[in-house]
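The values are calculated or read from the model by the stated rules, or taken from the named source; none is laboratory data. Please read these numbers as outputs of a predicted model, since none were measured by experiment. Glycine gets a Cβ as well: all are built from the backbone with ideal geometry, and neighbour counts include every protein chain shown.
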Amino acid sequence: MASNPVSTRAAEAVEQSTTALAKDFRRWQIRILVSTWLAYAGYYFCRKAFYTVKGAMGDELGLSAMDLAHLGTAYLVGYAIGQFSSAFFGRKLGPKVLLLVGMGVSIGCNLAFGIQNGFWTMLVFMALNGMAQGTGWPGCIGSLGYWFKREQRGSILGVWSTCYQVGSVVATAFAAFMLGTWGWRWSFMGASTLLLMVWALVLFMHPNTPEHVGHRSVREDDEDESEPAAQASPGKREPLGWSRDVVITVLTMGAIYFCIKFLRYALWSWTPYFLSNSYGMEEDQAGYLSTVFDMAGFAGVLMAGWLSDKWLKGRRSLLSLMMLIGMTGSFVLMYLFGAQSIPIFAVTMGLCGFMLYGPDSLLSGVGAIDVGSVRGALVAAGLINGMGSIGPIFQEQLVGWMYEASGGDIQPILTLFVFVAAAGTGIMLYLHLRARAGKSQL
């Protein structure tokens, strides 16, 4: 039987249209990856400057270790509030608007840091900067959730999550350079300038959702494909559809992330200060050496993302558990051998970074999307990161107090790190057992 020429041409037209649509979607995926990567890396310039210059700023303004701890705490309280509030406002505004508002406020705060001369002014703007910075991770993860399917996320987000290693390393080195060249105030002013450039790129490169450029957001296999795409748009308050097991999983991930961020921010916040005050390094050199933690973490994130997809086929809990066990062992080595030796401290700090950053990215990024689903990704990321961000609040006060109480001896602080690492590993073991029992999509 001869084929119908009209039907053949119609089928070819549909196929061509589908192919063109798929190619266009891939182009937008690349733009989303680039713009969100640059956005979150850019946030770090207006986040890490304080940690790099706190010693020099404290000396000039007459601030003690506890004064600096209070400033760090104000930022971290604001950061936790920003994470939790992003889970609500992000669903109404959409990821692009959330990112633009957050970056804009952070730019203004860092300009204020560069001209202020008092503790209380700094405290107020630190809290405001924390709230603004808290929009970054939920906004980026919520955006990526619209564009990438589950089977892609481990590898894709493994590569994407290098933004906060690269961002941290480059931002710290930039702040150290500005500190050594023009002084601590220019570390803040320069950070604002660079983040303003990134803000402009996000404005022009990043659509709010796929629907804004004529595409549907991706759907999980068990989601209703017949659901209108517009329901994923900002402002729509459709139910998340989370079961009791999902809620428990999200809260457990948040508890683990509490421990991870406690340790990550402790090393971020205090390593340059310790190297300068306890090991006698120059302030800018201490800033450069502190980047070892993040540079090693870069490799850890890439390895974790690749292995979780290719080896474990999306089952991320086992790999997270293995790496957290390695992290705990690394902190034990730091406690035993690193307190009196800069080279050993640097090596063990790198080991900690490599082992910590893999579970960090798996739980807070791809894991938040896997567990929370596409429509709940931004909410899950906000809750997990919000709970995690409470950890740095505690570390800032505890480490500052312990450092002053011990007269500058860091050995008690390293003991604290070992216990927190072990606690996070224990909770991760519980989450892994839940995953093996089929109660967690992780």
Open item on the list: Looking only at region 242-274, filter to residues that are in contact with a Lys or Arg (Cβ under 9 Å, 6 or more places away or on another chain) and surrounded by fewer than 19 Cβ atoms within 10 Å (Cβ to Cβ); which one of those is farthest from Gly58 (Cα to Cα)?
Closed with: Asp245
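One line per residue, one yes/no per condition, for (1) at pLDDT 90 or above; (2) under 14 Å from Gln133 (Cβ atoms):
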{"position": "Gln16", "(1), (2)": "no, no"}
{"position": "Ala39", "(1), (2)": "yes, yes"}
{"position": "Leu99", "(1), (2)": "yes, yes"}
{"position": "Thr121", "(1), (2)": "yes, no"}
Task: Residue list for region 419-442, restricted to those being under 22 Å from the mean Cα position of the chain (by Cα), farther than 12 Å from Leu321 by Cβ and part of a helix (DSSP H, G or I) - done: Val420, Ala421, Ala422, Ala423
Task: First in region 35-51 and in contact (Cβ under 8 Å) with a residue 12 or more places away in the chain and more than 25 Å from Ile115 (Cα to Cα), second anywhere and of a type outside the set (A, V, I, L, M) and not in a helix (DSSP H, G or I), Cβ under 6 Å, 6 or more apart - done: Ser35/His206
Open item on the list: Among the numbered criteria (1) more than 21 Å from the chain's Cα centre (by Cα); (2) among the hydrophobic types (A, V, I, L, M, F, W, C); (3) at pLDDT 85 or above; (4) surrounded by fewer than 24 Cβ atoms within 10 Å (Cβ to Cβ), which one does Phe394 miss?
Closed with: (1)
TODO: Answer yes or no: is there a residue in region 91-109 that is closer than 21 Å to Gly287 by Cβ and in contact (Cβ under 8 Å) with a residue 24 or more places away in the chain.
DONE: yes
Task: Filtered residues of region 61-84 (kept if over 20 Å from Asn117 (Cβ atoms) and not aliphatic (A, V, I, L, M)) - done: Thr73, Gly78, Tyr79, Gly82, Gln83, Phe84
- [ ] Output the number of residues of region 398-408 satisfying the condition of being part of a helix (DSSP H, G or I), in contact (Cβ under 8 Å) with a residue 24 or more places away in the chain and surrounded by fewer than 16 Cβ atoms within 10 Å (Cβ to Cβ).
- [x] 2
Open item on the list: For the structure I just gave you, tell me whether Ala346 is in a helix (DSSP H, G or I) and at pLDDT 90 or above.
Closed with: yes
Task: Counted residues, region 409-423 - those being surrounded by 23 or more Cβ atoms within 10 Å (Cβ to Cβ) and either over 19 Å from Tyr273 (Cβ atoms) or of a type in the set (Ser, Thr, Tyr) (or both) - done: 1
- [ ] May I ask you to list the residues in region 68-105 that are of a type in the set (Gly, Ala, Ser) and under 18 Å from the mean Cα position of the chain (by Cα)?
- [x] Gly72, Gly78, Ala80, Gly82, Ser85, Ser86, Ala87, Gly90, Gly102
Task: Counted residues, region 275-288 - those being surrounded by 22 or more Cβ atoms within 10 Å (Cβ to Cβ) and of a type in the set (A, V, I, L, M, F, W, C) - done: 2
Task: Candidates Val97, Val166, filtered to the one that is within 23 Å of Tyr357 (Cβ to Cβ), of a type in the set (A, V, I, L, M) and part of a helix (DSSP H, G or I) - done: Val166
Open item on the list: Please go through region 101-119 and give me each residue that is farther than 30 Å from Arg31 by Cβ and either modelled with pLDDT of 95 or more or part of a helix (DSSP H, G or I) (or both), ordered by number.
Closed with: Ala112, Phe113, Gly114, Ile115, Phe119
TODO: Give the residues of region 21-67 that are small (Gly, Ala, Ser) and either surrounded by fewer than 19 Cβ atoms within 10 Å (Cβ to Cβ) or over 23 Å from the mean Cα position of the chain (by Cα) (or both), sorted by residue number.
DONE: Ala22, Gly55, Ala56, Gly58, Gly62, Ser64, Ala65
